[in-house]
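Asker: Structure incoming, see below.
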Amino acid sequence: MEDAIQSAQAPANELEDLKARYEKLVEINSSLNERVLELYTLYNVSRTLSTSLHVADLFEVVMGLIGEALNVDQYCLMFLDDELQKLQIRASHGIPETVVMHGEIKVTAGVSGRVVSGGHPVLIDDISKESDFFYFPGSGIKQGSYLGVPLKNQEGVIIGVLNAHKPMVNGFSKNDLRLFAAVAENVAIAVSNAMTLQQTRELIRKDELTGLYNRRYFFERFEREVYRSRRYGRTISLMMIDIDHFKEYNDSYGHLRGDRVLKTISRIFESSLRKIDVVARYGGEEFLVLLPETSRENAIRVAEKLRQAVEKVDFNEDAPNLGPCALTITIGVSAIPDDANEPILALDLADKALYMGKAQGRNQVCSKVPKETV
């Protein structure tokens, strides 16, 4: 009888064993599928990022990749400003623009600050249980789950944070954490490389002494802006600027003081002009300014503003023993197409206007050149 019972139980036990093995295989297969998906995602991220060299383009690519690869609707990249000791949102998705505009926090503040200070990912399953949870100003996030991963460059230095939020509790799994960390590593290296390349390009474009653009870059931009102005029927204006009696100042106070003057005047120009304007050191004590979408009349107003700003400065203020010293500038202005259609002719007219201003006594803005001098 016992043998009969055991014989009957054997198939049942084998069935249970087979069922357990099957469930284990399903679990392993599911895990393998997840891992394959992770590897494919990382391959896709790495391949896509390697084709983007410009920082702005890279941010756009990254935003698309994160949403697709990590299945989140709200996320952002915050980067560290070492000088200001702040974290600033540089790219985002699913966050209102009005919030992004003020998306800046101290490097020690908020949950992102915790990621930076700790140097490792922070996963919060239920934000509502975190009494001190702070994302960034205006985010209004008080529930759901959060995942923050540090962005580290090749040297292991933290340059920012990848933040992600889901509206549901326990929205992120351990697999998500692993995948986020791997994606963040790829993103950080790509962004770091792009930023280094951008900084190198900027150095090539800049005048070493003043930090302004050099003449080579100026003419590259000039050509592009002229093309753009013709395409859209806009006016662009040009200034040529010269520091009056600069040689005498150099002879009297030395070249180091002269270099200081060039730097000071360069800062005045930068702070007085728009971001879309291009100011460059042409050579010696001469400067060029390109004013896109600006009429000659408005360019003259801007030039007068620059002239007045410079003449108010005591260039020996840092050295009282030398006595006060004021310097002035003379500016020639021309416009395309009002004064000339070709860039070289507009530049020549601005140059002639500049020297006409010098001949008339310096420290002035001049724009109209008599026809007999053209």
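Asker: For segment 144-292, count the residues as N, evaluate 2.2 N^0.38 Å, and divide the Cα radius of gyration by that value, please.
Answerer: Expressed relative to 2.2 N^0.38 Å, the Cα Rg reads 1.60.
Asker: Ok, one more. How many angstrom separate the Cα center of segment 159-188 from the Cα center of segment 297-332?
Answerer: 53
Asker: Checking the cross-link filter: which lysines have an alpha carbon closer than 21 Å to that of Lys358, excluding same-chain neighbours under 8 positions apart?
Answerer: Candidates past the 8-residue exclusion: Lys247, Lys305, Lys312, Lys368, Lys371.
Asker: Note down the Stokes-Einstein diffusion coefficient of segment 213-373 in µm²/s, whole number, using a Kirkwood radius over alpha carbon pairs, 25 °C, and 0.890 mPa s.
Answerer: 153
Asker: Between Gln143 and Glu297, what is the label-point separation in nm under the 7 Å Cα-to-beta-carbon projection?
Answerer: 5.9
Asker: If you don't mind, there's one more thing I want to ask. Calculate, for Gln360 and Ser272, the FRET efficiency according to 1/(1 + (r/R0)^6) with r their C-beta to C-beta distance and R0 22 Å; round to the nearest 0.05.
Answerer: 0.40
Asker: Could you check the spin-label model distance between Asp338 and Asp82? Points 7 Å from the Cα along Cα→Cβ, value in nm.
Answerer: According to this spin-label approximation, the distance is 4.5 nm.
Asker: Here's something else I'd like to know. Once each part is reduced to its C-alpha centroid, what is the distance from segment 198-255 to segment 69-97 in angstrom?
Answerer: First find each Cα centre; the distance between them is then 34 Å.
Asker: Determine the dipole magnitude for segment 268-374: charges of +1 sit on the beta-carbon of Lys and Arg, -1 on that of Asp and Glu, nothing else is charged, the reference point is the Cα centre, and the result goes in debye to the nearest 20.
Answerer: 220
Asker: Using a Cα-Cα cut-off of under 17 Å, which aspartates and glutamates could be cross-linked to Lys142, ignoring same-chain neighbours fewer than 8 residues away?
Answerer: The qualifying aspartates and glutamates are Asp73, Asp125, Asp126, Glu130, Asp132.
Asker: How far, in nm, would the chain grow between Asn175 and Arg221 when pulled straight, counting 0.36 nm per residue and subtracting the alpha carbon separation?
Answerer: 11.8 nm
A short reminder: the numbers here are calculations on the coordinates, not readings from a lab. Since we're looking at a predicted model, the values are computed, not measured. All Cβ positions, glycine included, derive from the backbone under ideal geometry; neighbour counts span all protein chains shown.
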